[in-house]
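Novice: What follows is a structure written as structure tokens; I'll ask about it next.
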Amino acid sequence: MISNTMAIRPSLKRSVAAGTLAEVLRCYQCKKCSSGCPVSFSMEILPHQAMRMIQLEAAGELLAANTAWVCSSCQTCSTRCPNDIDIAGVMDELRQLAATGRDTAETRTRLFHRLFLDEIRRYGRVHELGMIGKYKLLSGQWLSDIPMGIGMLLKGKLRILPRRIRGLRQLRTLFAKRTDS
Ligand code: SF4
Ligand code: SF4
């Protein structure tokens, strides 16, 4: 049950499981999660700060940050937490909320993940050239990484045309089930 002393933002309350929220309330900011996180150097908000922001209902800022998307689900934080908080599970739920929440701005990180999943849904694998083109078009990041892209093209690392995998129908069934649930 969610503590009566804490009113979580409605969107967060709907989307993050009550059990998870109860776990987050146990966080006492020892920072063991953040100090062990292998990708914390690239996070805008560190895992222990994310726990605090959930406690303080600062969900909007947290969902707009790249933290949950940068998380690699390695479980290190959950293993290190002295309060048995499943921080990696919280990150999963934040990703889900950020991906579906109407009140969440489309950040570049979120756009990247959405386009990535669109490619998987369409072809069963990522067509890098197509995805990069769409990402640049929608993000306005036209000039970044161009030398690297040209180098990869010249070395044959980027396919011009997409290729579908076998078993694409089964994969799409999984996507459809996920959408329905
Ligand atoms: S699960 Fe995510 S937040 Fe936790 S240590 Fe791994 S990368 Fe960092
Ligand atoms: S390790 Fe656990 S108790 Fe410590 S800051 Fe992280 S979530 Fe909070």
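Novice: Report whether or not Ala58 is free of Cβ contacts under 8 Å to residues at least 24 places away in the same chain and either surrounded by fewer than 17 Cβ atoms within 10 Å (Cβ to Cβ) or touching a strand residue (DSSP E or B) at 6+ places or on another chain (Cβ under 9 Å) (or both).
Specialist: Considered against the rule, which asks whether it is free of Cβ contacts under 8 Å to residues at least 24 places away in the same chain and either surrounded by fewer than 17 Cβ atoms within 10 Å (Cβ to Cβ) or touching a strand residue (DSSP E or B) at 6+ places or on another chain (Cβ under 9 Å) (or both), Ala58 comes out as yes.
Novice: Can I ask one more? How many of the residues in the range 48-72 are within 16 Å of ligand 2 (Cβ to nearest atom) and under 13 Å from the mean Cα position of the chain (by Cα)?
Specialist: Of the residues in that region, 4 qualify.
Table: residues versus (1) part of a helix (DSSP H, G or I); (2) farther than 27 Å from Leu111 by Cβ; (3) in the same structural domain as Leu117 (by TED's automatic domain parsing).
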| site | (1), (2), (3) |
| --- | --- |
| Ile45 | no, no, no |
| Gly60 | yes, no, no |
| Ser73 | no, no, no |
| Ser78 | yes, yes, no |
| Pro82 | no, yes, no |
| Ala88 | yes, no, no |
| Asp92 | yes, no, no |
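Novice: Which pairs do you get when a residue that is under 14 Å from Gly124 (Cα atoms), found in the range 152-181, comes within reach of a residue that is among the charged types (D, E, K, R) and not in a loop (DSSP other than H, G, I, E, B), reach meaning Cβ atoms under 7 angstrom, with the pair 6+ apart or on two chains?
Specialist: Arg172/Arg121; Phe175/Arg121
Novice: Also: Out of the residues in the range 106-134 that are free of Cβ contacts under 8 Å to residues at least 12 places away in the same chain and in a loop (DSSP other than H, G, I, E, B), state the one that is farthest from Ala64 (Cα to Cα).
Specialist: Val126
Novice: I've got another one for you. So which residues in the range 118-145 are surrounded by fewer than 13 Cβ atoms within 10 Å (Cβ to Cβ) and at pLDDT 85 or above, if there are any at all?
Specialist: Leu137 - this is the single residue of the range 118-145 that is surrounded by fewer than 13 Cβ atoms within 10 Å (Cβ to Cβ) and at pLDDT 85 or above.
The values are calculated or read from the model by the stated rules, or taken from the named source; none is laboratory data. Because the structure is a prediction, the values reported are computed rather than measured. Cβ coordinates were reconstructed from backbone atoms using ideal geometry, including for glycine residues, and neighbour counts include every protein chain displayed.
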